[in-house]
Amino acid sequence: MKSEILHLLKENEGYLSGQQLCDRFKVSRTAVWKVMEQLKKEGYGIEAVRNKGYRLVDSPDVMSRAEIESLTRGGWAGAKVVYFEETDSTNTRAKEAGDKGCGHGTLFVAERQAAGKGRRGRGWESPAGTSIYMTLLLRPAILPAKAPQLTLLMAVAVVQGIRKVTGIGCQIKWPNDIVLHGRKVCGILTEMSTEIDYINHVVIGVGINVNQETFPEEIRDRAVSLKSEIGGGIRRSELIAAVMKSFEECYDIFLKTEDLSGMRKLYDSLLVNKDQKVRVMEPGNEYEAHALGISETGELLVRTGDGKVKSVFAGEVSVRGVYGYV
């Protein structure tokens with residue numbers, strides 16, 4: 001009821017009468033009043049006027065199940081939210097829930113992570129109150145070999161969500177980083193549980209640097225936040241909802257062909273590596289090449305020094321700019 005009332009308050013520019021809410025949710029006036037008091041304690045500015053009702057006058061950067069669900073209503077991605085004030089890793093929690101039958105589209109969100117995960121087992125800085133740490137649980141009816149393409153869909157969704165909420169034009173560093181002015185603003189980590197020819201579930205973890213003002217010294221030269229670009233705070237729940245909406249649109253396009261043919265042109269337009277010289281670092285082999293864009297299955301296509309076009313698979317391969325991170 002709390003998320004539904006919050007949604008109604010946001011949709012309505014005037015006052016919502018207490019009696020209307022009582023009739024809609026079949027609860028007492030006291031129950032409605034208690035919800036309003038809870039929302040006030042969470043930081044919402046709610047005006048209550050006798051004989052008029054309740055009106056939302058201020059919505060701060062609140063992260064909660066009710067707040068996020070009030071913004072994702074009408075879609076399937078994030079329609080159900082599992083929220084943690086603190087957890088080890090939203091990917092870990094999502095995988096555990098997936099093993100227990102948790103539904104497609106459930107979104108796991110944490111205010112803080114104690115053991116955030118990055119690619120290839122690296123840690124992810126996860127302080128409270130400034131960033132987005134979330135994981136989307138999916139149950140796609142596709143072959144396991146196609147699941148890595150979902151990472152690229154999420155990358156597009158994050159860039160589009162950021163642009164919608166902030167106006168900032170980020171880019172993608174293949175395959176799973178979102179960058180702003182050459183520095184990392186978001187990482188994406190996809191994990192899955194599979195049988196030989198069947199996916200039990202896929203979890204896509206997303207960590208976005210939103211309102212940070214400082215970073216640890218060891219990553220300061222390659223990390224950036226959205227706030228540093230626009231100079232003001234960003235409502236994280238609003239950004240989460242925008243990313244979820246964009247992901248739904250990308251996912252629907254993907255399911256029609258079960259490859260990236262419908263997203264390839266858009267992805268390439270956002271690819272910071274495209275038409276750039278890159279260094280491909282494979283285990284035991286390192287070489288420079290010219291990045292051309294992605295294939296329909298998500299590999300990075302590069303032209304090597306001898307003129308041949310080669311497909312680079314994500315896995316254990318890293319791609320860097322010749323003169324730096326991008």
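The values are calculated or read from the model by the stated rules, or taken from the named source; none is laboratory data. Computed from a predicted structure; not experimentally measured. Neighbour counts run over all protein chains shown; Cβ positions are idealised from the backbone, glycine included.
Among residues that are crowded, with 22+ Cβ neighbours inside 10 Å, modelled with pLDDT under 95 and charged (D, E, K, R), K117 is included.
Specify which of the listed residues (D197, D221, D259) is more than 21 Å from L71 (Cβ to Cβ), outside any strand (DSSP E or B), at pLDDT 95 or above and acidic (D, E). Unique residue meeting the criteria: D259.
No other residue among Y267, Y251 is of a type in the set (S, T, Y), closer than 28 Å to K308 by Cα and surrounded by 13 or more Cβ atoms within 10 Å (Cβ to Cβ) apart from Y267. The single condition from (1) of a type in the set (K, R); (2) surrounded by fewer than 22 Cβ atoms within 10 Å (Cβ to Cβ); (3) part of a helix (DSSP H, G or I) that K95 fails is (2).
Would you confirm whether or not the stretch 231-243 contains a residue that is modelled with pLDDT of 95 or more, under 24 Å from N273 (Cβ atoms), surrounded by 18 or more Cβ atoms within 10 Å (Cβ to Cβ) and not assigned by TED's automatic domain parsing to the domain that holds F313? Yes, that holds for at least one residue. Scanning the stretch 65-88 for residues that are without any contact (Cβ under 8 Å) to a residue 60 or more places away in the chain and under 23 Å from S131 (Cα atoms) turns up A79, K80, V81, V82, Y83, F84, E85, E86, T87, D88.
To keep it simple, each residue is scored yes or no on (1) over 28 Å from the mean Cα position of the chain (by Cα); (2) of a type in the set (A, V, I, L, M); (3) surrounded by fewer than 20 Cβ atoms within 10 Å (Cβ to Cβ).
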{"position": "N12", "(1), (2), (3)": "no, no, yes"}
{"position": "L21", "(1), (2), (3)": "yes, yes, no"}
{"position": "M63", "(1), (2), (3)": "no, yes, no"}
{"position": "I68", "(1), (2), (3)": "no, yes, no"}
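Being over 30 Å from G205 (Cβ atoms), touching a residue at least 40 places away in the same chain (Cβ under 8 Å) and assigned to a loop (DSSP other than H, G, I, E, B), is that true of even one residue in the stretch 42-56? No, because not a single residue in the stretch 42-56 is over 30 Å from G205 (Cβ atoms), touching a residue at least 40 places away in the same chain (Cβ under 8 Å) and assigned to a loop (DSSP other than H, G, I, E, B).
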